[in-house]
4 protein chains.
Amino acid sequence: MYSFKNDYSEGAHPQILNTLVDTNLVQEEGYGEDRYSLEAAELLKKKMACSDVAVHFLTGGTQTNMIAIAAFLRPHEAAIAAHTGHINVHETGAIEATGHKVLAVSSGKDGKLTVAGIQAMLDAHPDEHMVKPKLVYISDTTENGAVYTKSELEALSSFCKSHQLYLYLDGARLGSALSSPVNDLELSDLPKLVDAFYIGGTKNGALLGEALVICNDALKEDFRYLMKQKGAMLAKGRLTGIQFLVLFRDDLYSDLAAHANAMAFKLSKAIQDAGYAFLTPPVSNQIFPILPHDVIEQLRRQFYFYDWEQIDADHSAVRLVTSWATKEEAVDAFIETLKAKAVN
Amino acid sequence: MYSFKNDYSEGAHPQILNTLVDTNLVQEEGYGEDRYSLEAAELLKKKMACSDVAVHFLTGGTQTNMIAIAAFLRPHEAAIAAHTGHINVHETGAIEATGHKVLAVSSGKDGKLTVAGIQAMLDAHPDEHMVKPKLVYISDTTENGAVYTKSELEALSSFCKSHQLYLYLDGARLGSALSSPVNDLELSDLPKLVDAFYIGGTKNGALLGEALVICNDALKEDFRYLMKQKGAMLAKGRLTGIQFLVLFRDDLYSDLAAHANAMAFKLSKAIQDAGYAFLTPPVSNQIFPILPHDVIEQLRRQFYFYDWEQIDADHSAVRLVTSWATKEEAVDAFIETLKAKAVN
Amino acid sequence: MYSFKNDYSEGAHPQILNTLVDTNLVQEEGYGEDRYSLEAAELLKKKMACSDVAVHFLTGGTQTNMIAIAAFLRPHEAAIAAHTGHINVHETGAIEATGHKVLAVSSGKDGKLTVAGIQAMLDAHPDEHMVKPKLVYISDTTENGAVYTKSELEALSSFCKSHQLYLYLDGARLGSALSSPVNDLELSDLPKLVDAFYIGGTKNGALLGEALVICNDALKEDFRYLMKQKGAMLAKGRLTGIQFLVLFRDDLYSDLAAHANAMAFKLSKAIQDAGYAFLTPPVSNQIFPILPHDVIEQLRRQFYFYDWEQIDADHSAVRLVTSWATKEEAVDAFIETLKAKAVN
Amino acid sequence: MYSFKNDYSEGAHPQILNTLVDTNLVQEEGYGEDRYSLEAAELLKKKMACSDVAVHFLTGGTQTNMIAIAAFLRPHEAAIAAHTGHINVHETGAIEATGHKVLAVSSGKDGKLTVAGIQAMLDAHPDEHMVKPKLVYISDTTENGAVYTKSELEALSSFCKSHQLYLYLDGARLGSALSSPVNDLELSDLPKLVDAFYIGGTKNGALLGEALVICNDALKEDFRYLMKQKGAMLAKGRLTGIQFLVLFRDDLYSDLAAHANAMAFKLSKAIQDAGYAFLTPPVSNQIFPILPHDVIEQLRRQFYFYDWEQIDADHSAVRLVTSWATKEEAVDAFIETLKAKAVN
């Protein structure tokens, strides 16, 4: 049995483990002040061509979202997100647990937020009897595997700036987004367009680790206090620092994402060739083919994957996720099974 | 330069890294439901000779304390701690950030709580105009390196039970405590005496990881919701599970603690032999010798360590911390320098 | 100009003010332990024919909802409400500020929750990656002036009991609900059907004051701690106690609500007679007639009221609210203007 | 039996009740936007000779402290208070419930904070492993009835300004403080010296009501959102507005405080004449005479008051509180009893 359930089923890229082994007994400062973390932060700034951002390493997406949003907002301020947004659905109310309402905008199948959706939410919150929308949360790729184009992000950015809203981008799968054929953003565009974002490591080859990048000066102050307070400052901060150093010292980060995408596209092409449609266009490492139930049953004997949405009596969309670690043989085997079943 | 600043200056014990490497590409369930985490939890229960506890793996002490206390208390309930307690001083108000007051009892040099101190705090909080003390927080070893005896812990336990107080033990340095010559507790005593405690991995050979053990049935419900909500549930939960599996499948956990203690006692004995006293008795991997300022200056040229407390115009207590990774040559070099200076 | 904007434009019923004057210089215990508050609590229990409820007096609806929900829920638990529910929209995120997500169910025009809506929300929250729905919030009358029937409330109650959900009823306008011609509930039914509810005073003749009734034993413990902690315990608790004593020692509470309803129905009948429809059936002290824009403009010269919703290019629904203090002459004048305009 | 237990045993000054009656049926805007509240805010600004402060009316001291501090601080910031400070002891952890630690400075018998005490607290909080002290909380009069002199307040103010600390003054008993013979502050001094303070109404003749004055521009933004969110915005805001209008349109506020103080001083003088000492100098409406136990027992047959502190086997300090409503005959009766007993 092979799993296409998610992009965190394996450990870390071997280069990461090797470097952890190589540096293991060097004595370092604790709590993120080790030389690896400091170097990794500098390296990321270089890769972004932007020296005046603050970079902090955290251990997961929920933690990063929760601490960033708690650090940025005053008690009555709220975050706007797509109704499918991770902070709205899949973080056990982490944002609300820090006191802030998440205002959910009904978004399309792609899970993207639009200026119109944000404007409608602003219109619905005119005074102090309601929360004050203050931060716009988006993710790239979205929960549904869609990728923001540069012009889409520019539109959001410009709207947010002119409406005193912070724009925050959840990059749990930023690697896959930036490596997508439909992407026209560079990493170096992000600091100009958003107030803060994070570069996801966990889902792109790290054991754990997200690099939060705070671009807006007004949001930088005392961030390490917040990290410590929320239990996010690792005594051995080297663990995340080293991983980002390895991911970014060469092109490993984008190579791994490119592999994940290539595997997804190989699957997509075969699925399309077999005559099946998709719930949303397959453009990143999460794809959502619509398959007949008997095909699904057949595939399920060899592969793990999640049901996503029933389409009609005979068809459902499923979610297939590839990763830096996905083996091409597994992809080929999946395709074989699909074709064999399709032929019948 | 060699550091005696803390017990988290190095990475992890090589066996841990090796096992991470060996298991790296096995596909596993996420979020703590991988087979390693499940096995590690079972293993810990066996080591505690207690099958009806709940075991959860978290990434650090502040995170563990914060989530456990937030999970256990209602909004108006407070935690009692020694004024030197980690939750009172060194967690950036993590407990208060979840809404709960920490009631600080003035404790002695050893940082221990006593029944008398807790009783005084109860007496001072008679009604609803004040918070309701509900949980007693202790750490073993304490912040000051002291170790609770079995009878001390039994006294606290019995008092807490009869006063409807939860007793929670922070075991960031539980390894060192249980390996101390003044210790008479077994790991298997703890589930009988406390409502919850954690076994610290970060400071005893792990990259990161604390194993929270919830003993009181009433406190177990839905704990994983709290972990997720506070950003503590790792997508690759295998990372902590594997580490505890390695630490406990043989006696590595106690061996590493024994080494840390042995290094501390070698230091202590030499310091004593050189005629110096201690702020508190040296019984664990943190020791607090009182040294003349010129000796401190001489040592500081070769070693990193923290100043702790000025004693008089010429003397200060310093803190020396040893760990699983402390090299005996470094200890010997420290002793040499000390003796050489003492001779002068 | 006369206002039909809300039911809190005037002070208090004169009997209340008179009793405040009469008792003014009697010395009493503070913080809700005065004899008036104690008597008022007993009186309410008698009126409910239920001695084993706990009664607490608070100063407003948001405060009552916020403290009750914060007292009842653990950190990961959430409240289900209609998307139009007061806690979801008009309380500036008060519930979220205590850490709890509000799960909004799309409800119909009447603003009622149904078993189907709650069930769908439970289905959407299967595990610990999401909040755990635990409390169902309804209001009677709803935000849109609708009134729950006994069988509707019994259905919700039975569903909640069988799904371990607390049922909480916001009775800001409970007086108007219980006096509605479509109502078949008695005050004494409520303790059997809900876990907690409050009897609104502010919108039915009091200067301020809501009586929270906690029916479920498991939710009673230490509630006064929560009140104090959230700033809701008045030093001169007599102020709310006296008001509820006056409202309930005879039938003033229902008389005032009956007057408010009667004024609303006089308006409704005239509006209907003039040929206009309503957004929702006019059954309580909030009515929502759909009027042509020119009629609205004409009325607006003499009366204050809120626009509610545009219906088409020429028509909008407006909200008219009557109260214990609404003068019949004002109602007659409104009707005159409406008829005069309609005739044109 | 007559009570000297506190200054909130009676209702409100008759002028307040009369004005409530007189204005009762005037229709007004809700939520603090009625003309009385607006006028009262303007009036207070005039009395303070300061037009650029923001004035908000709340219902009690705990509520005011909690909302102000929650509005002013970021999550990692803490309030410094005397260990006897109301927020540290008597508010059921209200500040912590909003996420902020209260750092308690051991203060003298008078309950005053000093620059030295604050400096020591800053020194103890050097980095992000600890909370960041950001707000200094004082009360005038203090919990122990002491009164800050202008030079003491200037010293605190100047220190806070130069250390980026907010200075917040709890004026629950500000009336008594400003009317004290040892006071040399004017109401108009306060906006220059503190960042925010409140003028207590509840303990000086109002049914309920505190007027929060925010002086620092940076702390004013969106304060009404916070009030609404914490359940502090009264639908009938006129209730607090009218009371402050009555208290300040002439000199009622200071007259009432002067009466309370005069009654306290009449008691003090007689107690002194009878040969008894005080725990702290009697300078406001709370006095703490040290009396023999048999005298206390005798007085207790006719009067209610609180025990405060046992001094030795035969003597205790008690607390006597006078108010705007204290009857001189009761004071005389107390003195009679005291003298009669003393003579024996």
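The values are calculated or read from the model by the stated rules, or taken from the named source; none is laboratory data. Not measured: the values here are computed from a predicted model. A quick note on method: Cβ atoms are made from the backbone with ideal geometry, for glycine too, and the neighbour counts reach across all protein chains shown. Ligands, DNA and RNA are stripped out before the accessible areas are found, and what is left, the full protein with its side chains, is counted by its heavy atoms. Shrake-Rupley method; radii C 1.70, N 1.55, O 1.52, S 1.80 Å.
Details
- Computed over the alpha-carbon atoms, the protein assembly as shown gives an Rg to Rh ratio of 0.99, Rh here being the Kirkwood radius from the mean inverse distance.
- Across the identical copies, how the D:Glu154 labels are spaced - nm, sorted shortest first, 7 Å along Cα→Cβ: 6.0, 6.4, 7.6
- Note on chain B: with a GNM built from Cα contacts shorter than 10 Å, the maximum mean-square fluctuation among B:Ala232, B:Ala177, B:Ala274 falls on B:Ala274.
- Taking other residues whose beta carbon is less than 13 angstrom from the beta carbon of B:Glu152, and scoring Lys, Arg as +1 and Asp, Glu as -1, yields -3.
- Anisotropy class of the stretch A:50-172 from Cα gyration tensor, a/c 1.5 cut: rounded
- For the rotation carrying B onto D, the chain B residue whose Cβ lies nearest the axis, with the distance in whole Å, reads B:Glu96, 2.
- Nm distances between copies for A:Pro14, ranked from closest, using label points 7 Å along Cα→Cβ: 2.0, 9.3, 9.5
- In order along the stretch C:83-88, the phi-based Karplus estimate (6.51 cos²θ - 1.76 cosθ + 1.60, θ = phi - 60°) of 3J(HN,Hα) comes to 5, 8, x, 4, 5, 7 Hz; Gly and Pro are listed as x.
- Derived scalar couplings ³J(HN,Hα) [the stretch B:195-208; Karplus, 6.51 cos²θ - 1.76 cosθ + 1.60; whole Hz; x for Gly, Pro]: 7, 6, 7, 10, 9, x, x, 3, 8, 9, x, 8, 5, 5
- Amide H to amide H distances under 5 Å link D:Trp308 with D:Ala317, D:Val318, D:Arg319, where only residues 5 or more positions off or on other chains count and H is placed in the peptide plane.
- Label spacing, shortest first and in nm, from A:Pro126 to its equivalents in the remaining copies (7 angstrom along Cα→Cβ): 4.3, 5.4, 5.5
- Sites B:Arg301 and D:Asp123, calculated FRET efficiency, Cβ-Cβ separation with R0 30 Å, nearest 0.05: 0.65
- Protein accessible area in the protein assembly as shown, 1.4 Å probe - carbon and sulfur %: 51 percent
- Furthest towards positive pole of dipole, B:Gly117, B:Leu185, B:Leu208, structure part the stretch B:94-230, Cβ charges: B:Leu208
- Under a 5 Å amide H cut-off, with hydrogens placed 1.01 Å from N, D:Tyr2 pairs with D:Phe303, D:Tyr304 among residues at least 5 apart or on other chains.
- Estimated buried accessible area (total), pair C and D, 1.4 Å, Å² to nearest 100: 4000 Å²
- 19 Å Cα-Cα threshold exceeded, pairs from B:Lys45/B:Lys228; C:Lys46/C:Lys192; C:Lys5/C:Lys236: B:Lys45/B:Lys228; C:Lys5/C:Lys236
- Dipole-positive endmost among A:Leu156, A:Leu103, A:His90 within the stretch A:71-173 (Cβ charges, Cα centre): A:Leu156
- Cα gyration tensor category, rounded, prolate or oblate, for chain C with a/c compared to 1.5: oblate
- Dipole magnitude of the protein assembly as shown, debye to nearest 20 (Cβ charges: Lys/Arg +1, Asp/Glu -1, about Cα centre): 0 debye
- Seen from B:Asp184, the other residues with C-beta closer than 11 Å to its C-beta sum to a net charge of -3, counting Lys and Arg as +1 and Asp and Glu as -1.
- Cross-link pairs beyond the 29 Å C-alpha cut-off, checked among B:Lys230/C:Lys230; B:Lys203/B:Lys269; A:Lys101/C:Lys266; B:Lys101/D:Lys327; D:Lys134/D:Lys266: A:Lys101/C:Lys266; B:Lys101/D:Lys327; D:Lys134/D:Lys266
- Of the residues D:Asp140, D:Asp127, D:Asp195, the one that moves most in a GNM of chain D with alpha-carbon contacts below 10 Å is D:Asp127.
- Neighbour net charge for D:Val55 - beta-carbon separation under 10 angstrom, K R +1, D E -1: 0
- What the stretch B:148-245 shows is 26 Å² of accessible area per residue, with the surface traced by a 1.4 Å probe over protein heavy atoms.
- The sum of -39500 (n - 2.57) across all DSSP H runs of n ≥ 4, divided by the residue count of chain C, sets its helix-only mean residue ellipticity at 222 nm to -12000 deg cm²/dmol.
- Percent antiparallel among DSSP beta bridges (both partners in chain A, rounded to 5): 55 percent
- By average C-beta atoms within 10 angstrom, highest first, the peptides A:169-176, C:110-117: A:169-176, C:110-117
- Between A:Asp312 and C:Ala333, the distance separating the two model label sites (each 7 Å from Cα on the Cα→Cβ line) works out to 6.4 nm.
- Of all aspartates and glutamates in the structure, those lying under 17 Å Cα to Cα from C:Lys132, and not within fewer than 8 positions of it along the same chain, are A:Glu91, A:Glu96, B:Glu221, B:Asp222, C:Glu77, C:Glu96, C:Asp123.
- Karplus (6.51, -1.76, 1.60) ³J(HN,Hα), θ = phi - 60°, over the stretch D:251-261, in Hz, Gly and Pro reported as x: 9, 3, 4, 6, 4, 5, 5, 4, 4, 4, 4
- Residues whose placed amide H lies under 5 Å from that of A:Phe278, excluding near-sequence neighbours: A:Ile290
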